[in-house]
Amino acid sequence: METEVALTGADIAIMLAYLLGVVALGMWISRGIKSSKDFFLAGKSLPWWAVGMSLVVSDIGAKDMVGLAADGYRWGIVMMNYDFIGCAFPLLVAAFLFMPFLWMAGVYTIPEYLGRRYNVQVRTGFAVIWTVFMVGTLGTIFVSAAVMFQCLLGWSFWFSVGVTAVVVAVYTTVGGLKAVVVTDTVSCAVLIVGAALICILGLNRVGGFGGLHETVSSLGWTEHHFDLILPRDHPEYPWPAVLLGLGFVLGPAYWIGNQAIVQRTLGTKSQQQARASYIFCAVIKLFFPVLLVLPGLIALALLHDKLGQPTADWDKNQILPLLVARLLPTGVLGIVMGAFLAGVLSNLDSYVNSASTLVVTDLYRPLAPNRSDQHYLAVGRWLVIVFLLGGVAIAYPVKEWFGSVFEAFQNFLTLFQGPLLALLLLGMLTRFATSTGGLVGMVAGLASSILMHASGMVFGEDYDVPFLWVAWWSFVVALVTTTVVSLFTRPYDRKRLEGLVCWIPVSKEAAE
C-alpha cells in the first residue's frame, strides 16, 4: 500500500510521548508484583472505574478500529449491532448474575470453573481452545497495527509487527494484570478522543449527516447501508442471525465467558466493585457504535471513487489508514495515531496476560503441582513472550486468509462460543447437568461449528454458513446434547455443587 501522507515531526513527537508514557507507567506499576496472584489478578486490588475502562479497551482495540471501519464501508450501520445488541444487555446480565458468582467462586479462569462444575476433560478442552483462540486474536491485532503503520509510516509488515510485540512485551511481562489495567485506563481516554476526532472532522468534510446520507445512498449498491435490521436473505447479516447468533449467543458468551474480559473483574476488590465495573463499561460502550462504524461510512463517501465496491480480492483493511491519511491535519494525526496505538497496546496486553493466566492455571499447574509460587510467576512471565511470538507467527496467514481483521476475530469466536455458553448456562443455572453431559455437549457443539465453517470450503460458496448462524446452531447442538446426555447419566450430589450452581450457596459449615 502506498503512503499518502507522511507524519510530521509534531505527529511523531505526540506518538512517541504516548508510547514512552505508557511503557514507563507500566514499568512503574510493576514494582508491586511479588506473587502469582499479583501478576494474574493484581492482588484483587483494582478499583471498579479502572476495571470498567479496561474492559472497554480490552473489547475495543486496533482490530475493531480497522475492522469495523472496513465492515462499515461494506455493510453500513448494521455493524453497530455488535454493541447495541451484543453488548448492552449481556453486560447487565453478567453484572447482576454471572460476574459476582464467579468472583465468589474464587477462580482465576473460566475453564477452571468449568473443571470444577463438570470435569477435568472439559476444563482442559476449553483451556486448549482458548489458548489457540488467543494466539489467533493476537495475530489479528498485529495485522491491524501493521496495515496502519505501513500506510502512514512506510514501515514493512514484519517491522511493524516486531516493534509492536517488543513494546507490549516490556511492560506486560513484568507488570501483569495491574499494569495492563492501569495503562488501559489511559488508553481508553485517548481512544475515545482519537475516534471522536475522526468522526467530527469526517462529518465536517462530507457535509454533516445529511451530506453523508445523500452521498452514500446515491452509490447504487448501498441500499441497506443505513438499516440496522437487514433482510432475512442478506448474505452476512440476516436479521434472524443477528438476533439469535449475536444477541443470544455471541454477545452473552463474550461478556460472560471471555477470559480476557472476565479476568479483569476477578481482580477487583469486592463483588460489588466487579458489578460496578461492568455497569460502567456498559455506559461507556453506548458511544462506541457510532465512533467505530461511522468512519467506514465517511470513508465510503470520501473514497468510493478510489476504492469502489468491495470485491473478493479487495484489501478491506486499508479503509481506516487511507481515511486517516486523507482527513487529518498535522498534530491531529499524531493524536489519532496515539489513539490507534492505545487500541493496539490495550488489546495486546489484555489477551496476552489472560492467555498466560489460563495456561498456567488450567494446563501447567495441574501437570506440575506443588511448585513454589515464584515458579508459577516466572512461568507466567515467560509465557507472555511465547504468546507474543505465536501471535507474530500467525499474523501473516490472518492477513492473507480473511477479508478483514474484524471478520477474522468473529470467525475465531464462533468456533467455540456457542458450546461454551451452553455449558456455562447449564452449569451455573441447573443442578441436573452432569460431567458426562458437559463433555459430550462440548464435543458435539465444537464438531457442529467446525462442520458449518467447513461447508463453504468443501461444497462451494452456495453452502457457506454465515458465522452468526454458526454461533447459534452450535449453541443449540451443545445445549440439546448436554441436556439429553445428562438425563441419562448421574449428576453430582448437592454437596458437590455448593458454590458452583447459583441457587446452591456454600453451606455455613463449609464456609467456616
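Among the residues of segment 26-44, is there at least one that is modelled with pLDDT under 80, buried (at least 20 other Cβ atoms within 10 Å of the Cβ) and β-branched (Val, Ile, Thr)? So far as segment 26-44 goes, yes, one or more of its residues are modelled with pLDDT under 80, buried (at least 20 other Cβ atoms within 10 Å of the Cβ) and β-branched (Val, Ile, Thr).
Being outside the structural domain of residue 252 (by TED's automatic domain parsing) and surrounded by 20 or more Cβ atoms within 10 Å (Cβ to Cβ) holds for only one residue in 429, 468, and it is 468. Starting from residues that are among the aromatic types (Phe, Trp, Tyr) and either buried (at least 20 other Cβ atoms within 10 Å of the Cβ) or under 16 Å from the mean Cα position of the chain (by Cα) (or both), keep the ones in segment 323-373 and report whichever is modelled with the highest pLDDT. The residue in question is 351.
Checking segment 268-278 against the condition returns a match, with at least one residue being within 23 Å of residue 55 (Cα to Cα), assigned to a helix (DSSP H, G or I) and aliphatic (A, V, I, L, M). What residue, among those in segment 78-87 that are within 15 Å of the chain's Cα centre (by Cα) and assigned to a helix (DSSP H, G or I), is farthest from residue 417 (Cα to Cα)? Here the residue is 83. Residue check: is residue 449 in the same structural domain as residue 425 (by TED's automatic domain parsing), of a type in the set (S, T, N, Q) and modelled with pLDDT of 85 or more? Criteria met by residue 449.
All of 325, 276 fail the test of being within 25 Å of residue 214 (Cβ to Cβ) and in the same structural domain as residue 78 (by TED's automatic domain parsing), apart from 325. The set of residues in segment 421-438 that are in a helix (DSSP H, G or I) and more than 16 Å from residue 101 (Cβ to Cβ) comprises 422, 435, 436, 437, 438. Scan segment 149-167 and give yes if some residue there is surrounded by fewer than 20 Cβ atoms within 10 Å (Cβ to Cβ), aliphatic (A, V, I, L, M), without any contact (Cβ under 8 Å) to a residue 24 or more places away in the chain and more than 30 Å from residue 235 (Cα to Cα), otherwise no. Yes, segment 149-167 has at least one match. Taking (1) of a type in the set (Phe, Trp, Tyr); (2) touching a Lys or Arg at 6+ places or on another chain (Cβ under 7 Å); (3) surrounded by 18 or more Cβ atoms within 10 Å (Cβ to Cβ) in turn, residue 96 satisfies each apart from (3). A residue that is in contact with a Ser or Thr (Cβ under 9 Å, 6 or more places away or on another chain) and more than 19 Å from residue 272 (Cα to Cα) can be found somewhere in segment 73-95.
Residue count for segment 179-231 under the criterion of being in contact with a His (Cβ under 9 Å, 6 or more places away or on another chain), without any contact (Cβ under 8 Å) to a residue 24 or more places away in the chain and part of a loop (DSSP other than H, G, I, E, B): the result is 1.
State yes or no: is residue 283 part of a helix (DSSP H, G or I), assigned by TED's automatic domain parsing to the domain that holds residue 132 and farther than 18 Å from residue 407 by Cα?
yes
Here segment 262-284 is the region considered, the condition is being modelled with pLDDT under 85 and among the charged types (D, E, K, R), and the residue that is surrounded by the most Cβ atoms within 10 Å (Cβ to Cβ) is 264. Count of segment 292-314 residues, restricted to those that are assigned to a helix (DSSP H, G or I) and surrounded by fewer than 20 Cβ atoms within 10 Å (Cβ to Cβ), is 6.
Could you pull out the residue among 248, 209 that is under 22 Å from residue 83 (Cα atoms), surrounded by fewer than 16 Cβ atoms within 10 Å (Cβ to Cβ) and out of contact with any Pro (no Cβ under 6 Å at 6 or more places or on another chain)? It is 209. Pairing each residue of segment 80-104 that is in the same structural domain as residue 294 (by TED's automatic domain parsing) and of a type in the set (Gly, Ala, Ser) with any residue that is surrounded by fewer than 19 Cβ atoms within 10 Å (Cβ to Cβ) and not in a helix (DSSP H, G or I), provided the two are 6+ apart or on different chains, yields C-beta distances under 8 Å for 88/286. Exactly one residue out of 54, 144 is under 18 Å from the mean Cα position of the chain (by Cα), part of a helix (DSSP H, G or I) and not assigned by TED's automatic domain parsing to the domain that holds residue 184: that is 54.
The values are calculated or read from the model by the stated rules, or taken from the named source; none is laboratory data. Given the structure is predicted, the values throughout are model-derived calculations rather than measurements. Backbone-built Cβ (ideal geometry, glycine too); neighbour counts: all protein chains shown.
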